[in-house]
Amino acid sequence: MEKRELLYEGKGKRLYKTDDENVLISEFKDDLTAFNAQKIGNEEGKGALNCKISTQLFRLLEEHGIKTHLIETISDSTQLVKRVSIIPLEVVVRNIATGSLVKRLGLKDGTKLPFALVEFYYKDDDLNDPLVNDEHCLMMSLVKSESDLEELKRLGREINGILKKFFEKRGLSLVDFKVEFGIDVEGNILLSDEISPDSCRFWDMETNEKLDKDRFRQGLGGVKMAYEEVLRRILEKKD
C-alpha cells in the first residue's frame, strides 16, 4: 500500500492517504502532550510501543465482537486503517476516581466508583475539549440521534468490561480510558484512534504505581519503562 500525502496530524499520530481512498496509514508519533498541549515532550520509541499495545488491544476487542478500524499493522509504528468520519466526541469510561473527576466533584482520589461512569467530551482543542451531556450532543448535531448516543455508551461499557477483566488478570487496574469512534462508508460505527497508555490510566494493583501518561503529566519520569511494562503484561499468556 503506497503512502501518499499527509491528510491529518494530531497530537499522537499522523494520517496519510493511500492509493485506496477508503484506506489510510496511521503513523504513531513519539510526541507527548498534556493539558491540551500546554506541556509538550518527546520519548523515543513511545510511538512504536503505543502502536504495538493498541494493535494487541484492538485485536482482543475484535475477538469479543467489537468492530474496529484496524486492518493490519505494517511496521513497528504504523497501521493500515479503514477511513472513517470521526464522531467529534471523546467517550471516557471511569472505574476509579482520579484526575478531572476528583477536581469537579471533590471525590477522594482513588475512590472506586459503584459502576462504570461514561462521559462525553466535545473534541475541540480551542475549547479544551469540554464535558458535554446528551442534550448538548443532540443540540450541536455531534451525533445523528439519541440512539447513536446510547450505542456509544453501550460500546464504552462493553469495551470497559472486556479490558477491565483482561488487565485484572495481569495485575493492572484499568482506572479510566478514552476511546473514539468513527463511521465508515457503509455507515458502521467503528472503534477508531487508539487504546494505549496515552489514552488509558493503568495502576499496578499491588503498589498503585502509575503506568501511563500520568508519569509525563506529573513529571514522574520513566515514561518509556512504564509503557514497556504495560506491553509486557499484555503479552503475558493467561488462562
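Read-outs throughout are calculated quantities, based only on the coordinates presented, and are distinct from any laboratory measurement. For clarity, every value in this text was computed on a predicted model and none was experimentally measured. All Cβ positions, glycine included, derive from the backbone under ideal geometry; neighbour counts span all protein chains shown.
General observations
- Approximate spin-label separation Ser145-Asn208, in nm, with each point projected 7 Å along Cα-to-Cβ: 4.5 nm
- Principal axes of the range 85-224: Cα extent on each, largest first, Å: 44, 31, 30
- For a paramagnetic label modelled on Leu15 (point 7 Å from Cα along Cα→Cβ), amide N atoms under 11 Å away belong, within the range 150-185, to 181-184.
- Global form of the range 1-65, assessed from the alpha-carbon gyration tensor, a/c cut-off 1.5: oblate
- Sparse-neighbourhood loop sites, trypsin sites (Lys or Arg not before Pro) in the range 154-239 - DSSP loop, at most 12 other Cβ within 10 angstrom: Lys169, Lys237, Lys238
- Interchain or long-range residues, amide H under 5 Å from Ile74's placed H: Gln79, Leu80
- The overall shape of the range 116-189, judged from the alpha-carbon gyration tensor, is prolate: a/c is not under 1.5, and a/b is greater than b/c.
- For the chain, the Cβ-based charge dipole about the Cα centre amounts to some 840 debye (Lys, Arg positive; Asp, Glu negative; other atoms uncharged).
- Placing a label point 7 Å from the Cα of Lys67 along the Cα-to-Cβ direction, the residues of the range 163-188 with a backbone N closer than 18 Å are 180-188.
- Packing-based order for 8-16, 54-62, 37-45, using average beta carbon neighbours within 10 Å, highest first: 54-62, 8-16, 37-45
- Each residue, Ser85 and Asp109, gets one label point 7 Å from its Cα in the Cβ direction; the gap between the two is 4.2 nm.
- Furthest towards positive pole of dipole, Ser173, Leu190, Gly156, structure part the range 53-190, Cβ charges: Ser173
- Asn128/Leu60 FRET efficiency (R0 30 Å; Cβ-Cβ; nearest 0.05): 0.40
- Which of Ile86, Phe120, Leu107, positive extreme of dipole for the range 53-157 (C-beta unit charges): Leu107
- Here the simple spin-label model places points 7 Å from the Cα toward Cβ, and for Asn22 and Arg170 these points are separated by 3.2 nm.
- What separates the Cα centres of the range 56-135 and the range 1-50 is a distance of 17 Å.
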